[in-house]
Every structure is written in structure tokens, then in C-alpha cells.
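What follows is one structure encoded as C-alpha cells, with my remarks underneath.
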Amino acid sequence: MLELRLVQGSLLKKVLEAIRELVTDANFDCSATGFSLQAMDSSHVALVALLLRSEGFEHYRCDRNLSMGMNLNNVSKMLRCAGNNDIITVKADDGSDTVTFMFESPNQDKIADFEMKLMDIDSEHLGIPDAEYQAIVRMPSSEFARICKDLSSIGDTVIISVTKEGVKFSTAGDIGTANIVCRQNKTVDKPEEATIIEMQEPVSLTFALRYMNSFTKATPLSETVTISLSSDLPVVVEYKIAEMGYIRFYLAPKIEE
Amino acid sequence: KQPQQALSSFYPSV
């Protein structure tokens, strides 16, 4: 028996919108720890890892570990029927081949339930160890989204370089080149507007902009984004989900020529 | 075009 009640239902809607462009089908794993997902895109270049900790739910019951295979476009279709202020409850019985999404309006005058068929998904799970990164950049998520969008109108790849001077995003294409430098800036009115660079050593890596743009679909989930870079590792683009967990995107770099 | 690496060359399958 599984029953997860989330008063801030819009959060689940945003999570789905954040990942459904990257991944088509995925297994949602439920355990005592929380509601999680790990899935790769079809070309196995990018990976999304989601964690919503059990403490973040108003009610969390998970009698035994459960993995539920879902088509994310179908989940999104269901969740789009929930109002932005609705309370969402996810329910499943042991051994059932369906999951139920229940939507309650804030004043309880409308209750809807949507039952969705589950599917068997044979997905590969990768073991991602904790790592020390050469550089970690924290910046406003809207700024990062803007940079990725702007650069993708010029080129297909972005070179992210971190030095003492700041973080530089560069691209080149048929029509020309572009460089955007963001300097460390801690003197802002609100902490979420700061750009903070923690650098152990300079690093420069090249990534496909198509994936970076896809990651920025998570922007509504968090005011800030953290980009962790090391020369021999995939980049980690993390959006913290307030008091609940995170959504992390991993992207393998392009091979330098 | 620069070649793209796969995630499996960094992380093991578990």
C-alpha cells in the first residue's frame, strides 16, 4: 500500500514538466526514504535523478519498496487536470497495475481521482558516487536559462569555463560567436540573486546546448541552480526543491578536439 | 562536430 499526500500539488506538476522532455518512460521508486526516480534520455548521454523526501509530504505511507513504471507524457496529462492550488495524493495498492492520482481543491469542495495504467520498464540504473568537483557555480536559475536559450540561437554546444575571473559560457556557429561572462557577485539584495563561484582549480568543458536547454525546464522549481564541473566527470546541474529534495541532471561532456 | 561521450563511460551500471 502506497499513499503520498502533497499539499503543494503544483510541485509535482512542475517536476513532471521538468523531466518529460528529456525522458519518455521511467520507474518511480517509493521507499521509506522518499519518492525517487533515475532515468536516462534515449541516447544515454543525460540522466535525471529526482528525490522527494518522505518528510516533505503531509502524509507518506509506503509499506514496502515499490517501483512504478510510467509514461511521463501520460502522467503529465493526468497532472495537468489538477488545479495549481490542489492537494495531490498518489495511491497504489501492492501488486496493482495502476496508480491513482487524487486531486482535492483547497476548500475540499471538489475531489477528483484519475487512475492510470502502469507499465513494465526495463531501465538501466547507474551508480553515481559522491564526487569532489573542481568548480561549483551557484547562480539564479532564470539567468542560467536565459544564457542557454540565448546561446542556442548561435551555436549547438556551450563551453563552460570557470576561472578566478568568473564563469564563461561560450558558443560558436555559422553566424558568429558569443561569450557571456558572469562574475562572482555576492553583494545583492536577496541571496537567491547571487552568483557564487567555488573553484579548486580552473576547468573548461564542452556540452550540447540541446540538453542544457532541456534541463532548464526545471527553472520553476528553484530560484537558484548549482552547476558542478570537473574535467573528468559529467556536469551536474542541480535544482533544489525547497524542503523536499532535488532534481539533478547529469550530462556527459563532448570530447575535446 | 565533436564526439559525444556516454554516461556509461563514467558511471557503472548497478
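When shorter helices are ignored and each DSSP H run of at least 4 residues is given -39500 (n - 2.57), the per-residue value for chain A at 222 nm works out to -4000 deg cm²/dmol. Rg and Dmax of the protein assembly as shown, based on Cα coordinates, read 19.6, 61 Å.
In this structure, the pairs whose alpha-carbon distance is over 32 Å, taken from A:K168/A:K217; A:K91/A:K240; A:K117/B:K1, are A:K117/B:K1. One equal scatterer on each Cα of region A:103-246, no solvent, Debye formula: the resulting log10 I(q)/I(0) at q = 0.11, 0.14 Å⁻¹ is -0.53, -0.76. Largest mean-square fluctuation among A:I88, A:I160, A:I111, in a Gaussian network model of chain A whose springs join Cα atoms under 10 Å apart, belongs to A:I111. Distance from the Cα centroid of region A:79-113 to that of region A:28-50 is 22 Å (rounded to whole angstrom). Its relative contact order, with pairs defined as Cα atoms under 8 Å and 6+ residues apart, puts chain A at 21 percent. The fewest-to-most ranking of A:E104, A:E243 by surrounding Cβ atoms within 10 Å reads A:E243, A:E104.
Considering only A:A46, A:A92, A:A26, the Gaussian network model of chain A with Cα springs below 10 Å gives its largest mean-square fluctuation to A:A92. Considering only A:E58, A:E193, A:E17, the Gaussian network model of chain A with Cα springs below 10 Å gives its largest mean-square fluctuation to A:E58.
Values in this text are rule-based calculations from the coordinates and carry no lab data. Fair warning: this is a prediction, and the values are worked out from it, not measured in the lab. Note: ideal-geometry Cβ built from the backbone for every residue, glycine included; neighbour counts use all protein chains shown.
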